1. Could you tell me whether the stretch 1-23 includes any residue that is touching an Asp or Glu at 6+ places or on another chain (Cβ under 8 Å) and aliphatic (A, V, I, L, M)?
2. Contact list please: Cβ distance under 8 Å, first residue in the stretch 214-226 and at positive phi and in a loop (DSSP other than H, G, I, E, B), second residue among the hydrophobic types (A, V, I, L, M, F, W, C) and open to solvent by less than 40 Å² (accessible area, probe 1.4 Å), pairs at least six apart or on different chains.
3. Output yes when any residue across the stretch 162-169 is open to solvent by less than 40 Å² (accessible area, probe 1.4 Å), modelled with pLDDT of 80 or more and at negative phi, and no when none is.
4. Looking at 88, 21, which is the one that is without any contact (Cβ under 8 Å) to a residue 24 or more places away in the chain and either more than 24 Å from residue 113 (Cβ to Cβ) or not in a helix (DSSP H, G or I) (or both)?
5. Looking at the stretch 37-59, which of its residues are in contact (Cβ under 8 Å) with a residue 24 or more places away in the chain, open to solvent by less than 60 Å² (accessible area, probe 1.4 Å) and not hydrophobic (A, V, I, L, M, F, W, C)?
6. How do the pairs read when you match residues in the stretch 111-129 that are open to solvent by 60 Å² or more (accessible area, probe 1.4 Å) with residues anywhere that are in a helix (DSSP H, G or I) and among the acidic types (Asp, Glu), using Cβ under 8 Å and keeping only pairs 6 or more apart or on different chains?
7. Just to be sure, is residue 34 modelled with pLDDT under 95, out of contact with any Pro (no Cβ under 6 Å at 6 or more places or on another chain), crowded, with 21+ Cβ neighbours inside 10 Å and farther than 15 Å from residue 129 by Cβ?
Amino acid sequence: MHADAEQRRKLESSLRKALENDEMSVHYQPVVDAHEESVVSFEALVRWNSAEHGFVGPDKFIPVAEDTRLIIPIGTWVMEQACAEATNWPDDVRVAVNVSGEQLIEPDFASTVIRALTASGLPASRLEIEVTEGIVMHNISFVAKRLQEIRDLGVSIALDDFGTGFSSLKYLQTLPCDKLKIDRSFIMNIGLSQDDSGDRALVENIMRLGNSFNLKIIAEGIETEEQAD
């Protein structure tokens, strides 16, 4: 326990200097149309290559960033970088940015989005904001109001990691969402084991649910032709 606490303290100390030391970078994961196989958007993913710790996975540094609220300046930086980068892409390709609950509760979060769009010149229609179920479950009415402010700007909203938390139809009824993302944990076993009927059934039912709410569906983690089919 002491060793874990000491490691976390060192990570936090280094993370406070990561942006200043230019140790952060943004990678872009493509989202592909299932029928035409054309790229329709990219998801911006922040990565940290620490001078002291080497490459630190997001599963390690994101929780530290959220607990210390360093996720706010990091998240703002990622949004600014993503919007600026997207202006170099074709006009029909969008960029998706993950938003933490800590960012969402900031009173000026909408202004942060506006500043990123204004500075880059990216149209609001080409930006997508992704939120996870974990954010929603704490205060659904507040989150719905804050997301509606963003959506009113012309930015689209995606509900990420659907099915991994306390999934509720109330989320889909209440939140101003445009897209539903099926978590990769439901996709990764399809075709890789003889008994994948449970995963297939879950994916099919999540798709039916999303379609009934007129939401676009994104399936994460497709690696094989069978999964794509």
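The values are calculated or read from the model by the stated rules, or taken from the named source; none is laboratory data. Computed from a prediction, not measured in an experiment: that's the story for all the values here. When we count neighbours, we look across all protein chains shown, and the Cβ atoms used for this are built from the backbone with ideal geometry, even at glycine. Heavy atoms of the whole protein, side chains included, go into the accessibility calculation; ligands, DNA and RNA do not. Shrake-Rupley method; radii C 1.70, N 1.55, O 1.52, S 1.80 Å.
1. The answer is no; no qualifying residue exists.
2. Matching pairs, first to second residue: 221/187.
3. Checked against the condition, which is being open to solvent by less than 40 Å² (accessible area, probe 1.4 Å), modelled with pLDDT of 80 or more and at negative phi, the stretch 162-169 yields no hits at all.
4. Just one listed residue meets the conditions, 88.
5. Within the stretch 37-59, 41, 43, 50, 53 meet the criteria.
6. 115/80; 119/80
7. For residue 34, the condition - modelled with pLDDT under 95, out of contact with any Pro (no Cβ under 6 Å at 6 or more places or on another chain), crowded, with 21+ Cβ neighbours inside 10 Å and farther than 15 Å from residue 129 by Cβ - is not met.
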